[in-house]
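*Asks:* Supplied in structure tokens, the structure appears directly below.
The values are calculated or read from the model by the stated rules, or taken from the named source; none is laboratory data. Given the structure is predicted, the values throughout are model-derived calculations rather than measurements. Don't worry about glycine lacking a Cβ; one is built from the backbone with ideal geometry, like all the others, and counts go over all protein chains shown. Heads up: the accessible areas ignore ligands, DNA and RNA and are worked out on the full protein's heavy atoms, side chains in. Shrake-Rupley method; radii C 1.70, N 1.55, O 1.52, S 1.80 Å.
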Amino acid sequence: MNILIAPSEDAFYQLAAMRIAWQIIDRPNAVIGFATGRTTTGIHAALAEIWKQYRFDTSRITVFGMDEVTGVPRTYAGSCYDMLLRQVVEPLEIPMRNYLMPLTVPENMQAECARFNEAIAQRGGIDFQELGIGENGHMGFNQPGTPLDARTHPGEMDERLNRRIHDETGIPDSVHLGGITLGIYEIMQARHIMLCANGKNKADIIEEALFGPVTDRVPTSILQLHPSVDVILDPAAGEKVKKR
Ligand code: GLP
């Protein structure tokens with residue numbers, strides 16, 4: 001595991017974006033999984049700027065989102081589909097046929113999970129997976145308590161996100177919202193992983209995930225067992241790690 005603590009928050013976004021650009025340039029037909037959230041929004045903005053400047057070939061990469069909210073229309077601005085479309089697919093001019101996402105309102109959740117996995121497998125499996133981390137250690141919608149060998153499955157979002165989506169969409173509270181997430185098993189099959197975290201609120205969980213026991217209480221701790229992980233942190237998220 002390589003751990004890099006960037007000298008500033010801005011450098012954190014730039015370095016993480018450069019790592020993705022490097023992956024695309026190194027393997028122009030790479031299959032790349034993206035995460036959504038505040039952390040990765042900044043990284044994707046930096047990546048779009050880098051691409052505007054250098055315009056390396058993106059016509060053959062495949063991109064997908066590692067998780068998706070379900071129960072809301074795809075057109076909702078908070079869907080992962082919409083976020084990655086605007087943050088990555090459109091700015092990097094990635095052909096739509098190379099953009100894979102689970103449906104937000106599938107007829108059958110389990111069947112949709114299988115279809116999504118199969119679509120990724122048909123492209124040759126995941127070369128590079130970008131990951132954020134939840135304050136409770138979640139990866140995608142793999143919440144604490146998810147078995148560490150879980151396959152792609154319908155997961156639960158955390159309460160705050162759940163609340164925000166209900167408020168933003170006006171969907172009544174009685175309607176259950178959930179998510180589809182790449183399983184921990186599939187994440188661990190990725191050839192390379194980049195875990196990113198910024199902000200003081202992530203300092204404790206980053207230390208626990210990287211140096212604590214590997215446990216389903218902290219799903220991200222499983223990355224300690226992966227052979228190729230780059231961890232990129234800003235100074236605030238890296239504060240505890242730096243003291244070690
Ligand atoms: C969300 C997403 C994850 C993301 C994480 C961190 O729930 N499902 O894919 O990595 O939480 O989000 P943020 O970067 O906003 O803290």
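*Asks:* For the range 131-139, indicate whether the set of residues that are free of Cβ contacts under 8 Å to residues at least 60 places away in the same chain and open to solvent by 20 Å² or more (accessible area, probe 1.4 Å) is non-empty.
*Replies:* Going through the range 131-139, the residues free of Cβ contacts under 8 Å to residues at least 60 places away in the same chain turn out to be none.
No, that holds for no residue.
*Asks:* If we keep just the residues of the range 67-80 that are touching a Phe, Trp or Tyr at 6+ places or on another chain (Cβ under 7 Å) and within 12 Å of the ligand (Cβ to nearest atom), which is nearest to ILE187 (Cα to Cα)? Before the answer, list the steps.
*Replies:* Looking only at the range 67-80, we keep the residues that are touching a Phe, Trp or Tyr at 6+ places or on another chain (Cβ under 7 Å), and these are 67-68, 74.
Of the ones still in play, those that are also within 12 Å of the ligand (Cβ to nearest atom) are 67-68.
On the way: ASP67: 11, GLU68: 15 Å.
In this case the residue turns out to be ASP67.
*Asks:* Restricting to the range 117-158, name every residue that is over 15 Å from VAL218 (Cα atoms) and among the aromatic types (Phe, Trp, Tyr).
*Replies:* Of everything in the range 117-158, just one residue is over 15 Å from VAL218 (Cα atoms) and among the aromatic types (Phe, Trp, Tyr), namely PHE128.
*Asks:* So, one more: Since MET188 meets every condition but one in (1) under 24 Å from LEU233 (Cα atoms); (2) within 11 Å of the ligand (Cβ to nearest atom), which condition does it not meet?
*Replies:* (2)
*Asks:* Among the residues that make up the range 49-65, is at least one of them among the aromatic types (Phe, Trp, Tyr), open to solvent by 10 Å² or more (accessible area, probe 1.4 Å) and either at pLDDT below 95 or within 12 Å of the ligand (Cβ to nearest atom) (or both)?
*Replies:* Scanning the range 49-65 turns up no residue that is among the aromatic types (Phe, Trp, Tyr), open to solvent by 10 Å² or more (accessible area, probe 1.4 Å) and either at pLDDT below 95 or within 12 Å of the ligand (Cβ to nearest atom) (or both).
*Asks:* When both residues are 6+ apart or on different chains and their Cβ atoms are under 9 Å apart, which pairs have a first residue that lies in the range 162-178 and is over 17 Å from GLY134 (Cα atoms), and a second that is surrounded by fewer than 12 Cβ atoms within 10 Å (Cβ to Cβ) and among the β-branched types (Val, Ile, Thr)?
*Replies:* HIS166/VAL175
*Asks:* Here's another thing I want to ask about it. Being open to solvent by 10 Å² or more (accessible area, probe 1.4 Å), among the small types (Gly, Ala, Ser) and closer than 21 Å to ALA77 by Cβ is the filter here; which residues of the range 156-185 pass it? Don't jump to the end; show me each part of the working.
*Replies:* From the range 156-185, those open to solvent by 10 Å² or more (accessible area, probe 1.4 Å) are 156-164, 166-176, 185; that's our starting set.
Applying the additional criterion that residues be among the small types (Gly, Ala, Ser) yields 170, 174.
Across the range 156-185, the qualifying residue is only GLY170.
*Asks:* I would also like to ask the following. For the range 16-30, indicate whether the set of residues that are assigned to a strand (DSSP E or B), surrounded by fewer than 21 Cβ atoms within 10 Å (Cβ to Cβ) and either within 15 Å of the chain's Cα centre (by Cα) or among the aliphatic types (A, V, I, L, M) (or both) is non-empty. Don't jump to the end; show me each part of the working.
*Replies:* Residues of the range 16-30 that are assigned to a strand (DSSP E or B), as a first pass: none.
Within the range 16-30, none of the residues are assigned to a strand (DSSP E or B), surrounded by fewer than 21 Cβ atoms within 10 Å (Cβ to Cβ) and either within 15 Å of the chain's Cα centre (by Cα) or among the aliphatic types (A, V, I, L, M) (or both).
*Asks:* Would you confirm whether any residue within the range 34-46 is away from the ligand (no atom under 16 Å from the Cβ), touching a residue at least 40 places away in the same chain (Cβ under 8 Å) and either in contact with a helix residue (DSSP H, G or I) (Cβ under 9 Å, 6 or more places away or on another chain) or part of a helix (DSSP H, G or I) (or both)?
*Replies:* Let us first name the residues in the range 34-46 that are away from the ligand (no atom under 16 Å from the Cβ), namely none.
No - not one qualifying residue is present in the range 34-46.
*Asks:* Just checking, which of ILE205, ILE180, ILE120, ILE171 is within 15 Å of the ligand (Cβ to nearest atom) and either at pLDDT below 95 or touching a Leu at 6+ places or on another chain (Cβ under 9 Å) (or both)? Write out each step before concluding.
*Replies:* Details: ILE205 fails: either at pLDDT below 95 or touching a Leu at 6+ places or on another chain (Cβ under 9 Å) (or both); ILE120 fails: within 15 Å of the ligand (Cβ to nearest atom); ILE171 fails: within 15 Å of the ligand (Cβ to nearest atom).
Testing whether each residue is within 15 Å of the ligand (Cβ to nearest atom) and either at pLDDT below 95 or touching a Leu at 6+ places or on another chain (Cβ under 9 Å) (or both) leaves just ILE180.
*Asks:* May I ask you to list the residues in the range 215-235 that are surrounded by fewer than 19 Cβ atoms within 10 Å (Cβ to Cβ) and either in a loop (DSSP other than H, G, I, E, B) or at pLDDT below 95 (or both)?
*Replies:* Narrowing the range 215-235 to residues surrounded by fewer than 19 Cβ atoms within 10 Å (Cβ to Cβ): 215-217, 224-228, 230, 235.
Once the filter is applied, which keeps residues that are surrounded by fewer than 19 Cβ atoms within 10 Å (Cβ to Cβ) and either in a loop (DSSP other than H, G, I, E, B) or at pLDDT below 95 (or both), the range 215-235 yields THR215, ASP216, ARG217, HIS226, PRO227, SER228, PRO235.
*Asks:* Now for a different question. Would you mind stating whether THR36 is surrounded by fewer than 20 Cβ atoms within 10 Å (Cβ to Cβ), within 26 Å of HIS176 (Cα to Cα) and of a type in the set (S, T, N, Q)? Even if it seems obvious, please write down each step before you answer.
*Replies:* Working: surrounded by fewer than 20 Cβ atoms within 10 Å (Cβ to Cβ): no; within 26 Å of HIS176 (Cα to Cα): yes; of a type in the set (S, T, N, Q): yes.
No, not satisfied.
*Asks:* Among the residues of the range 98-117, is any open to solvent by 10 Å² or more (accessible area, probe 1.4 Å), under 30 Å from LEU210 (Cα atoms), within 13 Å of the ligand (Cβ to nearest atom) and in contact with a helix residue (DSSP H, G or I) (Cβ under 8 Å, 6 or more places away or on another chain)?
*Replies:* No, the range 98-117 has no match at all.
*Asks:* What is the one condition in (1) more than 10 Å from the ligand (Cβ to nearest atom); (2) modelled with pLDDT of 95 or more; (3) of a type outside the set (D, E, K, R); (4) crowded, with 18+ Cβ neighbours inside 10 Å that CYS196 does not satisfy?
*Replies:* All conditions are met except number (1).
*Asks:* Identify all residues within the range 200-214 that are touching a residue at least 40 places away in the same chain (Cβ under 8 Å) and either open to solvent by less than 20 Å² (accessible area, probe 1.4 Å) or in a strand (DSSP E or B) (or both); write none if there are none.
*Replies:* As a first pass, look at the range 200-214 and keep what is touching a residue at least 40 places away in the same chain (Cβ under 8 Å): 201-202, 205-206, 208-210, 214.
LYS202, ILE205, ILE206, ALA209, LEU210 - these are the residues of the range 200-214 that are touching a residue at least 40 places away in the same chain (Cβ under 8 Å) and either open to solvent by less than 20 Å² (accessible area, probe 1.4 Å) or in a strand (DSSP E or B) (or both).
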